[in-house]
Amino acid sequence: MLELNLIRTKPDFVKERLKVKNFTRLELVDEVVVLDVERRRLQQVSEAAQHESKSLSKQIPKLYKQGKRDEAETLKSQAGSLKESIKNYQEELKITEEKLHDALVQLPNLPHESVAVGFGADDNEVVAENGTHPDLGEDAKPHWELFEQYNIVSLELGSKIAGAGFPVFIGKGARLQRAMINFFLDEASKAGYQEYMPPLMVNKDSAYATGQLPDKEGQMYHVTIDDLYLIPTAEVPLTNIYRDTIVNEEDFPIKLTGYTPCFRREAGSYGAHVRGLNRVHQFEKVEIVQLTHPDKSYAALEEMAKHVGGILQKLGLPYRILRLCGGDATFTSALTYDFETYSAAQKRWLEVSSVSNFETFQSNRMKLRFRDSETKKMRLAHTLNGSALALARIVATVLENNQTPEGIVIPEVLRPYTGFDIID
RNA sequence: GGAGAGUUGGCAGAGUGGUCGAAUGCGGUAGUCUUGAAAACUAUUGACCUUUACGGGUCCAGGGGUUCGAAUCCCUUACUCUCCGCCA
């Protein structure tokens with residue numbers, strides 16, 4: 001959620017920045033400004049009436065003590081009628097506050113100044129590229145063909161048990177996944193992230209706090225009977241650990257990690273790009289989250305990007321880093337780096353990690369604050385997160401890029417975790 | 001799922017209709033004393049909204065109600081604890 005004060009003082013600046021994100025409903029900004037003025041006016045008249053009512057009430061017991069019953073009764077009836085108007089003011093105030101909030105949560109985060117104008121994936125800027133594309137020859141197989149050849153993943157079984165997009169990992173395939181999860185968690189621990197195992201379902205408050213609601217309502221699985229949402233990413237439960245908290249400035253940066261399955265309805269997607277593991281409803285992911293001092297968040301973003309790049313290098317995967325343009329960046333982020341690995345068999349790039357700085361957008365919704373040691377004032381913290389890494393697609397590229405006539409060679413770093421060095 | 005008890009400031013813990021935003025203790029901060037520290041003493045110490053400022057308002061788990069007036073009475077929801085049931 002954008003900070004109200006910024007919209008109040010610089011509405012035109014806000015609109016300019018929102019245009020970079022291709023946000024078209026700029027009239028919402030004006031609406032916020034108008035509602036904000038109205039809200040404050042109503043609050044003032046309401047509070048003035050409350051003040052009067054309060055001082056009347058204080059006089060009543062005094063008058064009784066002095067034996068002035070009649071005067072006390074008069075004040076009582078005055079206070080009684082005041083009560084009516086207070087009630088009316090407060091109702092109006094409440095309605096205005098709700099309208100203001102509704103408008104406010106529909107505004108996406110402002111992009112960082114380095115974010116380029118653009119409409120979609122083609123406008124993203126490649127900021128780094130690493131590793132060489134393996135030459136697998138003409139008969140290289142895409143991962144879904146390798147699944148069948150080695151019997152390590154079954155899409156059909158998943159479809160039978162749950163539905164399309166729920167792969168079943170079998171034998172060495174399952175073991176490879178578990179190995180990666182452990183490897184990624186260990187890497188995060190080494191980098192100073194505290195490990196958590198959070199709930200896989202969250203309530204509405206949590207989903208609002210990190211910005212999945214109301215923006216991504218249709219993308220989450222909703223358990224309606226208990227009004228819970230299956231997490232689309234560990235970002236949601238991990239970041240919400242710090243909802244409604246005031247942290248000590250010296251505790252920054254706070255670094256959290258966690259492995260969870262992620263559930264996504266992926267409503268509306270279709271076509272060749274959803275084959276195999278490219279796009280599924282449930283996948284495994286190790287997430288890293290940082291809560292930082294506002295002055296340090298961009299340094300933290302670089303650090304997190306480096307962490308993700310380091311893991312990809314250890315796995316021996318060629319990758320590139322994209323800085324997302326305004327049109328492709330998410331609702332909540334100020335700046336996002338996407339990591340893509342090159343799938344040599346599919347001959348295309350697959351997104352395997354997304355590292356973002358949300359600045360105060362999430363912390364404003366969450367009321368995640370700290371007391372600034374210099375000014376002694378409360379300030380909003382900055383929140384960041386990134387995948388380190390998302391499993392399904394990493395499995396896909398590892399399988400494809402490491403295929404040999406003898407079998408699929410397991411990357412060196414994973415062997416202590418898998419207990420085998422080849423899938424054959 | 002059933003029965004009972006509870007939820008007060010950073011923590012502990014008073015407070016059962018009117019000067020309670022809330023005693024007291026601990027903790028925190030500042031000062032005195034000290035070469036320094038500790039101890040002692042003194043002062044100070046919640047959050048939020050609003051206001052140029054003075055000030056005003058809200059918050060005693062959340063929501064609703066009674067009353068001129070609610071931390072205090074009533075209803076309701078959530079959570080915690082104890083017992084029972086069920087269960088990996």
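The values are calculated or read from the model by the stated rules, or taken from the named source; none is laboratory data. Predicted model only: the values in this text are computed from it and were never measured. Quick reminder, even Gly has a Cβ in these numbers, built from the backbone with ideal geometry, and neighbours come from all protein chains shown.
Only one of the listed residues (A:Ser159, A:Ser189) is without any contact (Cβ under 8 Å) to a residue 40 or more places away in the chain and either outside any loop (DSSP other than H, G, I, E, B) or outside the structural domain of A:Thr418 (by TED's automatic domain parsing) (or both). That residue is A:Ser159.
Looking only at the range A:210-230, which residues are hydrophobic (A, V, I, L, M, F, W, C) and out of contact with any helix residue (DSSP H, G or I) (no Cβ under 6 Å at 6 or more places or on another chain)? Full working, then the answer.
Keep residues of the range A:210-230 that are hydrophobic (A, V, I, L, M, F, W, C), which gives A:213, A:220, A:223, A:225, A:228, A:230.
Within the range A:210-230, A:Met220, A:Val223, A:Ile225, A:Leu228, A:Leu230 qualify.
Note on the range A:326-367: residues that are under 16 Å from A:Gln212 (Cβ atoms) and either part of a helix (DSSP H, G or I) or in contact (Cβ under 8 Å) with a residue 24 or more places away in the chain (or both) amount to 14. Of the residues making up the range A:345-393, those that are among the basic types (Lys, Arg) and away from RNA strand B (no atom under 12 Å from the Cβ) number 4. Any residue in the range A:129-138 that is under 30 Å from A:Val168 (Cα atoms), of a type outside the set (Phe, Trp, Tyr) and without any contact (Cβ under 8 Å) to a residue 40 or more places away in the chain? Looking for residues that are under 30 Å from A:Val168 (Cα atoms), of a type outside the set (Phe, Trp, Tyr) and without any contact (Cβ under 8 Å) to a residue 40 or more places away in the chain, one finds at least one in the range A:129-138, hence yes.
Within the range A:192-222, restricting attention to residues that are of a type outside the set (S, T, N, Q) and assigned to a strand (DSSP E or B), the residue that is farthest from A:Arg243 (Cα to Cα) is A:His222. Taken together, A:Leu75, A:Leu93 contain a single residue that is in contact (Cβ under 8 Å) with a residue 24 or more places away in the chain and either surrounded by 12 or more Cβ atoms within 10 Å (Cβ to Cβ) or over 30 Å from A:Leu350 (Cα atoms) (or both), which is A:Leu93. Going by what's in this entry, would A:Glu217 be described as free of Cβ contacts under 8 Å to residues at least 40 places away in the same chain, over 29 Å from A:Glu302 (Cα atoms) and within 23 Å of the chain's Cα centre (by Cα)? So A:Glu217 passes the test.
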